[in-house]
Every structure is written in C-alpha cells, then in structure tokens.
Amino acid sequence: MRITGLALVPPPSAADLPKVTPELLASVLARYSRSNEGIHKILEKVDLANPDASIDRILKFVDYGHASIGGLTGGLAIALDDVSMWLAYKMFEIAQMADGQESSTRYITMDAANLPTAAELGIPDDLAAQWSDVMARSFAAYHAEYARLDAAALAQPDLVRLPPDAKPAVVTRLRKNYALDRARYFIPFATRTNLGLVQSSRMWAQTVKHLDSLGHPEARAAAHLIREELLKQSPRLMRHSSAEPSYQRQAEQELAASLSLGLARMSTAPLADQVWVKVDRDAPPWLTQEQPVPEALRHRANRYGHQGLATRRMRVSFAWNNMALAELRDLNRHRTGHRYAPLIQAGFYLPPEISHAAHQPLLDAQAELTRELMRRGSPAYVYSLLLGAQTPFEHSTQADKFIYEAELRTGMGAHFRYAEHLSAVLKVFLDEVPEAKAWVVEGTAEPE
C-alpha cells in the first residue's frame, strides 16, 4: 500500500507533493479511476508547466460528466463581502455540502448605511422611500432597546447569567450580549453581512446555477461575480453554472407558495410555540435493527463522539411553527438532511423583556410594506422582513444528527431562544425514544 498526497498549494515542508490546479487535480483523479497504473504513473505523464494541455488530454480520454469530475476539485474558497443576511441565509440553504461562516450580528454595523440600496434589492421604485423609512425605524428601535437593556443589566447584574468568578471584561461582554440577543429582533433581514464558503467545483456550479435562477437581482449579481472568480480556478467545470429551467420553475413555484401562505398568515402578534416531531425506526425485514439505542449513545464522551447504527439509521423530521429569522439563520446551517422554510411572517417574536405594544406602530408599518410587496408578487418582500418575523421551519435528518443539534443548541453558551426551541422538540423526541433519555445531554444554555 502506498499513499500519495496531492496538494493545490503544498506547504513549504511538503516539497515532494506535486502542486496542481483544482481542475488538474480533478482530471488526474478521474483518470486514476480508469487505470490500474497507480497515481505516480499518471502524474509522470502530466506536464505541470502546461497543465491545460494535460487536463484537456485526460478529460477527452476519460469522458466523464462534468459533475462527477467537479466534485474532485478540492475545496475552493469564496468570500462574499457586503451581501444581505437574506442572501447569506439562501446560500447556506442551497450549498448544503459547504463549509462556511457568516459574520455574527455581534460584529457587523447596525445602521441604515449598512443596507444595500432599494434598487440593488429590486424594491419597486414607488415603495423605495417607504422601505427606507421602515428600515431606518427598525434600526432606531434596535438601538433604543439595546441601550435600555444594557443599562438595565448594568443596574441589575443578576439579570445576566454569569459563570462563577467572572472577570470584569467577561461581565461586560456578557452584559452586552444580553442586550444584543434581545434587541436583535428589530434588525432588518436586508442588513449587510459577510460570508465565506468552501466547497468543490461541482457544488459551486450547482450553487451558482441555483442563484442565477432566482428572481432576486442580488442573487443573480452574486452568481455572476462568483462565476467570474471561479472561472479563474476551474474554467471548464464552471461553464455548467448558468440558470436552467428546472431550477427556475421550482424557484417560481416556491415563491408563489410563500406569497400565498404569507398573505394568508401575515401577523405582527407573537405566535405561540408549537412543535412537530416524526420518528421513523422502520428497517427492511432482511436488515433489522439489532443494536439497542443506549448502546449507540453511551460510549460518547461528549456530543462530538461517534454514535451507533441505532441512531444513525433512525430517521427524524422535526418542525416549528414559529421560528424567528434570528434563530433560523443559525439553525439553517446544520447541513444534514433537508431544510425548508417559506420565509413568511406568521407572527413576530419579541422576548419578554421587550414590549410589543411599545413598537406596534413600527410593526404595523413593516407588515403593511411586506403585505404590499407580496400582493405584487415581488421576490423582494424578503428584504422587508425583520429578524423577529416568525416562519414555519422543517428539518429532516437522522437521529444522530438531531441529537447532536439538540445538545449543541441547548449547551453551554447557547442563545436562550435556541435552547427553548430545541428543548421543545427534544422533549417530544424523547417521548418517542425514551430509551435515549439517559444518554442525551440537554443543557441549560448557561451562561449566555
């Protein structure tokens, strides 16, 4: 047995690793799959000084589809500065096999100046002034509540849960997080953020094709910019990244469903918590499940430990009727399975520390703007939503992934609202799978 490393950019200490471009790496591995020569023999035929000729020669011989080769390109990293929170959310929804990070709301500018223009977002001209006014009022509400909550926590330190013997700097940071985590529901979904994703050329082509098929000008502009950047690294494979009918028709139908549901359920009142959980343990009769659930869980030292077949083969679907966009942005990043949210405003969440009545004029103005954009069938309605907008959210995956998410989102330092949501679905899951109860660690989300 011999193992050979192939590096896109070898580290200085790995001089024996051949340096290859993403497409050369993909073509070499594609040729490798149709040869018994071994990787070194194939590499001997590659002219590293003229990789394009080698790529064309290999791909012509191999004759594989672009998708199967595109997945061999390794991780191609793209950073997107100054995209809306909606676009960041959408890219995480689309790019389910990517590794990525988005700027935390704790570190981005909370000001109307940190919004794309109405024209960039496709807001109709006659609604642009109304949209700008609602956005400015929303940021003003955020800052007013942040200042009030920060002052309250300073005057009453027991409002903030603190670790024992917390140093002054930690106390200050957690106090400010307490204020931000409650005021953030006024932040517009259109606020600019930054996003970085790493995935193969195959998945980038699919992501760009999807973005290019949406009705949002911002999504199509992002598709163009990403394609232009990746053509420098993977020109042959990124040619298969333009909009196409199957993506366009599905995007149109999903938009129509969201508009219909959104108009029917539009509300600014808080929506009471409801959860739905479906556990499926069925197995084919010739491959029954023999491992007990406790045996699948009890050997873990923490949530990152490996789980057994009993939970890995168990299917779980779970949903909330009222996931605020503030929480949805993070829960949407759990990559496994399938996730779906229509992105509507069926209610508006504010934590107990903030009065709905005090902000009703703003919420009414925001809801009316959203309603009018929906009436017109405009995809830009998503940019009128605030992070407190509550939408249904469904996620289907396996039990091992669900247990990891539940332990993470109720664990040390988890946001208080994540913990409430995950605790509710975990309770139903454990009612369905009671033998897991002793081995699943539900946290208390302390300290914040």
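Restrict the check to region 373-396 and report whether at least one residue is at positive phi, part of a loop (DSSP other than H, G, I, E, B) and not polar (S, T, N, Q). Checked region 373-396: at least one residue is at positive phi, part of a loop (DSSP other than H, G, I, E, B) and not polar (S, T, N, Q).
Restricting the first member to region 298-310 and to residues that are modelled with pLDDT under 95, and the second to residues that are of a type in the set (Val, Ile, Thr), the beta-carbon pairs closer than 9 Å and six or more apart or on different chains are 302/441; 303/403; 303/441. Just name the residue that is surrounded by the fewest Cβ atoms within 10 Å (Cβ to Cβ) out of those in region 53-105 that are at pLDDT 80 or above and in contact with a Pro (Cβ under 9 Å, 6 or more places away or on another chain). Per the stated criteria, the residue is 82. From the residues in region 288-339 that are among the β-branched types (Val, Ile, Thr) and more than 20 Å from residue 92 (Cα to Cα), which one is surrounded by the fewest Cβ atoms within 10 Å (Cβ to Cβ)? This residue is 288.
The residues listed here are 242, 234; of these, the one that is under 21 Å from residue 99 (Cα atoms), in contact (Cβ under 8 Å) with a residue 12 or more places away in the chain, of a type in the set (Gly, Ala, Ser) and not in a helix (DSSP H, G or I) is 234.
Residue-by-condition table, conditions (1) farther than 20 Å from residue 369 by Cβ; (2) over 14 Å from the mean Cα position of the chain (by Cα); (3) assigned to a helix (DSSP H, G or I):
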residue: 81; (1), (2), (3): yes, yes, no
residue: 87; (1), (2), (3): no, no, yes
residue: 91; (1), (2), (3): yes, no, yes
residue: 104; (1), (2), (3): yes, no, no
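The listed residues are 192, 137, 182, and the only one of them that is closer than 16 Å to residue 382 by Cβ and touching a helix residue (DSSP H, G or I) at 6+ places or on another chain (Cβ under 6 Å) turns out to be 192. When 315, 281 are checked against the criterion of being in contact with a helix residue (DSSP H, G or I) (Cβ under 8 Å, 6 or more places away or on another chain) and either within 18 Å of residue 402 (Cβ to Cβ) or at pLDDT 95 or above (or both), a single residue qualifies: 315.
Among the residues of region 213-231, those identified as surrounded by 21 or more Cβ atoms within 10 Å (Cβ to Cβ) and either in contact (Cβ under 8 Å) with a residue 60 or more places away in the chain or farther than 17 Å from residue 378 by Cα (or both) are 214, 216, 218, 219, 222, 223, 226, 230. The condition of being at pLDDT below 95 and in a loop (DSSP other than H, G, I, E, B) holds for only one of 288, 268, that being 288. Residues of region 369-391 that are more than 16 Å from the chain's Cα centre (by Cα) and either under 30 Å from residue 436 (Cα atoms) or of a type in the set (S, T, N, Q) (or both): 370, 378, 384, 390. Selection over region 141-160 of residues that are surrounded by 14 or more Cβ atoms within 10 Å (Cβ to Cβ) and farther than 18 Å from residue 359 by Cβ gives a count of 4.
Being closer than 30 Å to residue 360 by Cβ, within 24 Å of the chain's Cα centre (by Cα) and not aliphatic (A, V, I, L, M) is not true of residue 248.
Restricting attention to region 167-185, the residues that are more than 20 Å from the chain's Cα centre (by Cα) and surrounded by 16 or more Cβ atoms within 10 Å (Cβ to Cβ) add up to 10.
The values are calculated or read from the model by the stated rules, or taken from the named source; none is laboratory data. Since the structure is predicted, the reported quantities are computational estimates derived from the model, not experimental observations. Heads up, the Cβs are rebuilt from the backbone with ideal geometry, glycines too, and the neighbour counts pull from every protein chain shown.
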